[in-house]
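A quick write-up on the structure given underneath.
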Amino acid sequence: MHPMLTIAVRAARKAGNLIVKNYETPDAVEATQKGSNDFVTNVDRDAEHLIIDIIRKSYPQHTIIGEECGELTGVDQDVQWVIDPLDGTANFIKRFPHFSVSIAVRIKGRTEVAVVYDPMRNELFTATRGQGAQLNGYRLRGTNAKDLDGTILATGFPFKVKQHAPAYINVLGKLFIQCADFRRTGSAALDLAYVAAGRVDGFFEIGLKPWDFAAGELLVRESGGLVTDFVGGHNHLSSGNVVAGNPRVVKALLSAMREELSEALKR
């Protein structure tokens, strides 16, 4: 196992244990609003501190980018740990048992290691670049759907950027005619892990942050899939507009979406 993967797994499991413990005692959870429809809890922050402590013990020089802490620049800026301590905070607050810990390691701009951990189901999705993706140690392969017919697609509504709602609803309507159904579960990291596991056939979402999808992207790639922006390019790291699935599903998604996109979503 990649040494950084060992540390990422340890950190994800410890953070997951903390989250589950707090899930069982909701009175101790303090939620505050940090932006439009965007919440954070003391559990997000505690889990992030725990992850950072574990990383720092083994790799004190590395840079850490976290949802709550921002960028903690290290001496070694070539290695970045991109962490979301609790992806699916709204679910956690509502006691909807679907959320995850996401940790990715990027070296010189390329993601090398990924962990997405669902502590409620004890499902650990891992990937190392060039060595495939796994769920609890078993190799993952995405689905072999040839087009959108019969597919289940995962998505997330653009609740933080509602100016994109008209274009998003148009895309949704067009895709719904071609696919079988949608799933909208509230954790982009798990949506991408589910693409890698073949539990859903494809995924798209507007305006994600790097910590939402850095780990999930590698899981999809290492299970034989593609991850692009809305026009098939590689600008998703800066735009946050993400499409994922096997190559045929991604091609079909991009084709169906093309005419419904506003200019802002083509960047």
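Hey, could you check the range 234-258 for residues that are in a helix (DSSP H, G or I) and in contact (Cβ under 8 Å) with a residue 60 or more places away in the chain and say which is farthest from Ile169 (Cα to Cα)? Break it down stepwise before answering.
The initial filter retains those residues of the range 234-258 that are in a helix (DSSP H, G or I), namely 236-239, 247-258.
Subset that is in contact (Cβ under 8 Å) with a residue 60 or more places away in the chain: 248-249, 252-253, 256-257.
On the way: Arg248: 23, Val249: 20, Ala252: 18, Leu253: 15, Ala256: 13, Met257: 11 Å.
Only one residue fits best here, namely Arg248.
Picking from residues in the range 146-157 that are outside any strand (DSSP E or B) and surrounded by fewer than 20 Cβ atoms within 10 Å (Cβ to Cβ), the one that is nearest to the chain's Cα centre (by Cα) is Phe157.
So, in the range 219-228, how many residues would count as being of a type in the set (A, V, I, L, M) and not in a helix (DSSP H, G or I)? Steps first, answer last, please.
So the first thing to find is which residues in the range 219-228 are of a type in the set (A, V, I, L, M), and the list is 219-220, 226-227.
If we keep only those that are not in a helix (DSSP H, G or I) too, we end up with 226-227.
Qualifying residue count, the range 219-228: 2.
Residue count for the range 231-254 under the criterion of being over 14 Å from the mean Cα position of the chain (by Cα), buried (at least 21 other Cβ atoms within 10 Å of the Cβ) and either farther than 18 Å from Phe182 by Cα or of a type outside the set (A, V, I, L, M, F, W, C) (or both): the result is 1. All of Asp149, Asp201, Asp191, Asp181 fail the test of being within 22 Å of Gly132 (Cα to Cα), out of contact with any Phe, Trp or Tyr (no Cβ under 6 Å at 6 or more places or on another chain) and acidic (Asp, Glu), apart from Asp201. Listed conditions (1) at pLDDT below 95; (2) part of a helix (DSSP H, G or I) are all met by Val231, apart from (2).
Restricting the range 83-112 to residues that are in contact with a Leu (Cβ under 8 Å, 6 or more places away or on another chain) and among the polar types (S, T, N, Q), the residue that is farthest from Tyr23 (Cα to Cα) is Thr111. Of the candidates Ala214, Ala252, Ala196, the single residue that is touching a Phe, Trp or Tyr at 6+ places or on another chain (Cβ under 9 Å) and not polar (S, T, N, Q) is Ala196.
Just need a number here: residues in the range 180-204 that are surrounded by 24 or more Cβ atoms within 10 Å (Cβ to Cβ) and either small (Gly, Ala, Ser) or within 23 Å of Ala90 (Cβ to Cβ) (or both).
Keep residues of the range 180-204 that are surrounded by 24 or more Cβ atoms within 10 Å (Cβ to Cβ), which gives 187-196, 200-204.
Now narrow it down to the ones that are either small (Gly, Ala, Ser) or within 23 Å of Ala90 (Cβ to Cβ) (or both): 187-196, 200, 202-204.
Qualifying residue count, the range 180-204: 14.
Tell me, yes or no, whether the range 170-177 has at least one residue that is within 26 Å of Ser262 (Cβ to Cβ), more than 20 Å from the chain's Cα centre (by Cα) and of a type in the set (Phe, Trp, Tyr). The answer is yes; a qualifying residue exists.
Only residues that are closer than 13 Å to Leu153 by Cα and either among the small types (Gly, Ala, Ser) or modelled with pLDDT under 95 (or both) were counted across the range 198-228, and they come to 2.
The values are calculated or read from the model by the stated rules, or taken from the named source; none is laboratory data. Predicted model, so just to flag it, every value in this text is computed and none were measured. Please note: Cβ atoms are built from the backbone with ideal geometry, for glycine as well, and neighbour counts cover all protein chains shown.
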